[in-house]
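FYI, it's all coordinate maths here, none of it is from the lab. Quantities reported herein were computed from a predicted structural model and do not represent experimental measurements. No Cβ is skipped: glycine too gets one built from the backbone with ideal geometry, and neighbour counts run over all protein chains shown.
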Amino acid sequence: MNIYINGTGCISPQETAQIGPLFSTLKEYDQVRLQAVDPDYKQWIDLKQIRRMSRVVKMGVGAANLSMEEAGIKMPDAIITGTAYGCLDDTGVFLNKMVSQEEQMLTPTAFIQSTHNTVGGQIALLLGCNAYNNTFVHRGFSFENSLLDATMILREGEAKTVLAGGLDEITHYSYQVLSRFGLYKKAPVKTMELLKSPDRGTIAGEGAAFFVLSPEKGTHTVAELAGVCTIYKPLWEGEVIGEIVKFLEAQDLTLEDIDLLVTGRNGDIAQDEIYEEVAAALFPDHPEACFKHLCGEYPTAMAFGAWMANRIIAEQDVPEAAMFYGQAPARIKNVLIYNHHQGTHHALILLKAC
Amino acid sequence: MEKLMEDLKSQIIEQLNLQEVKPEDIGNDEPLFKTGLGLDSIDALELIVLLQQHYNIRIANPEQGPEIFHSIRTMAAFITAQQKQQA
């Protein structure tokens, strides 16, 4: 069974909620922490409800709405979200109130909004959708596992249309904590120079991307989700290389069939090493595009990468801002996305033009 | 009473994060729930906490809730009565 991407929606540090060619209004940053560009959320959310929503909830609801608008559906048969950090900001608010108010007189809103499945719940509440609703909180595999769940539900025939997506936010506190782990650059770096920076660390990012998946093609369908694969803590690069070959074989493809490689290079020399090795071993002459200099690093950044790959197939063109190596062919049919988060969570997604 | 009603409006706007609502937009006798401000059951819990935090008043009988939280004026009247009792 083929699973088609009938609609996509993305809210990110780029102007991805706007209609128009991909990255036509490129946002260039000279900082270590990228924040999502907020569209006018009031177009989707009533003012009385918006006041209780933190940024990540609004991002999720906005991206979900964009994808359903593109797919031309009003109600999915299932809602599946993937998030590593969940509603971090409201978790912080709630915990701070617990401390400052000595665990007395805690207000309900921050608690209600602090759970990981708040976004999936809010989307369902706004739609009045009582169907299957699940949230995957699996660090760097959260988004990939939401896609796997969606494909299984569709293949089992339990749903005809699934809304699946990945989202995470960066907050003041999480940025500070993750900075102490050495994840980020010590000094601001221009986003368009990030992938050539010669030192450790990357830039922090956030965003939400949703996909309407179905076994039936829609009006705006340009690609199918041909495969998803996760590789946890590979012992060495050879394991990843072997998994890529097996993954493509399972799709009846060879390395030569891949028209574009999209990688999750993030400008950290240690973390980008494996992309170099994989590209050198399997795709030495293939064109390569990247996305994390545009959205920043976060555990569900793969959702942005998949959204971008789908748009590249739609436009049959790779914007200059995303191109890392080579030149895209005139016909872009098979796009392989290879990403890893923190060197432990490696994932592959294959999109095929249809 | 007038000063208390103005304070309540500001406190409600802050506690409930009522974006784009100003104190002067809230009428003293306007219903807080359903029509008027359109508050809901979660807001009711927030208002109970507000009374405890700002005025050290606990509502002993939950059935009084709809009467107390009907409007800014009824809230202010309840607070005033409770403060007199405590004095």
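Please indicate, with yes or no, whether at least one residue in the stretch A:232-250 is surrounded by fewer than 21 Cβ atoms within 10 Å (Cβ to Cβ) and within 23 Å of A:Thr81 (Cβ to Cβ). The answer is yes; a qualifying residue exists.
Considering (1) out of contact with any Gly (no Cβ under 7 Å at 6 or more places or on another chain); (2) in contact (Cβ under 8 Å) with a residue 40 or more places away in the chain; (3) at negative phi, the lone condition that A:Thr344 does not fulfil carries the number (1). Just one of the listed residues (A:Ala328, A:Ala279, A:Ala303, A:Ala289) is buried (at least 17 other Cβ atoms within 10 Å of the Cβ), assigned to a strand (DSSP E or B) and touching a strand residue (DSSP E or B) at 6+ places or on another chain (Cβ under 7 Å), and it is A:Ala289. The condition (being part of a helix (DSSP H, G or I), among the hydroxyl-bearing types (Ser, Thr, Tyr) and away from every other protein chain (no Cβ under 14 Å)) is satisfied by just one residue among A:Ser67, A:Ser24: A:Ser67.
Would you point out the residue of the stretch A:88-125, among those that are away from chain B (no Cβ under 13 Å) and aliphatic (A, V, I, L, M), that is surrounded by the fewest Cβ atoms within 10 Å (Cβ to Cβ)? Of everything passing the filter in the stretch A:88-125, A:Val99 is surrounded by the fewest Cβ atoms within 10 Å (Cβ to Cβ). Of all residues in the stretch B:1-25, those satisfying the criterion of being more than 14 Å from chain A (Cβ to nearest Cβ) and either surrounded by fewer than 17 Cβ atoms within 10 Å (Cβ to Cβ) or not charged (D, E, K, R) (or both) are B:Met1, B:Glu2, B:Lys3, B:Leu4, B:Met5, B:Glu6, B:Asp7, B:Leu8, B:Ser10, B:Pro23, B:Glu24. A residue that is in contact with a Phe, Trp or Tyr (Cβ under 6 Å, 6 or more places away or on another chain) and away from chain A (no Cβ under 12 Å) occurs nowhere in the stretch B:44-60. B:Leu37: within 12 Å of another protein chain (Cβ to nearest Cβ) and either closer than 14 Å to B:Thr74 by Cβ or in contact with a strand residue (DSSP E or B) (Cβ under 6 Å, 6 or more places away or on another chain) (or both), yes or no? Judged against the criteria, B:Leu37 is a match.
On the stretch given as the stretch B:18-58, residues that are of a type in the set (A, V, I, L, M), within 13 Å of the chain's Cα centre (by Cα) and either closer than 24 Å to A:Lys42 by Cβ or assigned to a loop (DSSP other than H, G, I, E, B) (or both) total 5. Tell me yes or no: at least one residue of the stretch A:246-258 is under 29 Å from A:Ala204 (Cα atoms) and of a type in the set (Phe, Trp, Tyr). No, that holds for no residue. Does the stretch A:168-182 contain any residue that is within 30 Å of A:Gly267 (Cβ to Cβ), part of a helix (DSSP H, G or I) and among the small types (Gly, Ala, Ser)? Checked the stretch A:168-182: at least one residue is within 30 Å of A:Gly267 (Cβ to Cβ), part of a helix (DSSP H, G or I) and among the small types (Gly, Ala, Ser).
Table: residues versus (1) within 14 Å of chain B (Cβ to nearest Cβ); (2) among the aliphatic types (A, V, I, L, M); (3) buried (at least 19 other Cβ atoms within 10 Å of the Cβ); (4) not in a helix (DSSP H, G or I).
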| site | (1), (2), (3), (4) |
| --- | --- |
| A:Ile5 | no, yes, yes, yes |
| A:Lys42 | yes, no, no, no |
| A:Gln49 | yes, no, no, no |
| A:Gly60 | no, no, yes, no |
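The residues in the stretch A:312-324 that are surrounded by 21 or more Cβ atoms within 10 Å (Cβ to Cβ) and in a helix (DSSP H, G or I) can be counted, and the count is 2.
Only a single item in (1) surrounded by 19 or more Cβ atoms within 10 Å (Cβ to Cβ); (2) touching a Leu at 6+ places or on another chain (Cβ under 8 Å); (3) more than 14 Å from chain B (Cβ to nearest Cβ) is not met by A:Met75, and it is number (1).
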